[in-house]
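Worksheet: one structure, shown below.
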């Protein structure tokens, strides 16, 4: 999966559940599904945006920089 495909999937999941989850939650939940190892690296770090949407921009920047297509 390319990073752009990941973002598309995040956006799709977010807009399908717009009143159920915040954007940061959607990023982390989607990341857990597509790359459990990367999720484990990010969770509980400064880049974990599950509880704080203000971190989402930095999380996505980090993911894009480190993304490995599969």
Original post:
Once all Cα-Cα distances of the chain are split into 10 Å bins that start at 0, what whole-number percent is in each one?
Top reply: 22, 60, 18, 0
Subject >> Computed over the chain: relative contact order in percent, which uses C-alpha pairs under 8 Å that are six or more apart >> reply: 36 percent
Original post:
How much mean residue ellipticity at 222 nm does the chain get from its helices, if each DSSP H run of length 4 or more adds -39500 (n - 2.57) and you divide by all residues, to the nearest 500 deg cm²/dmol?
Top reply: -19000 deg cm²/dmol
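We did not get these values from a lab; they are worked out from the coordinates using the rules stated. Computed from a predicted structure; not experimentally measured.
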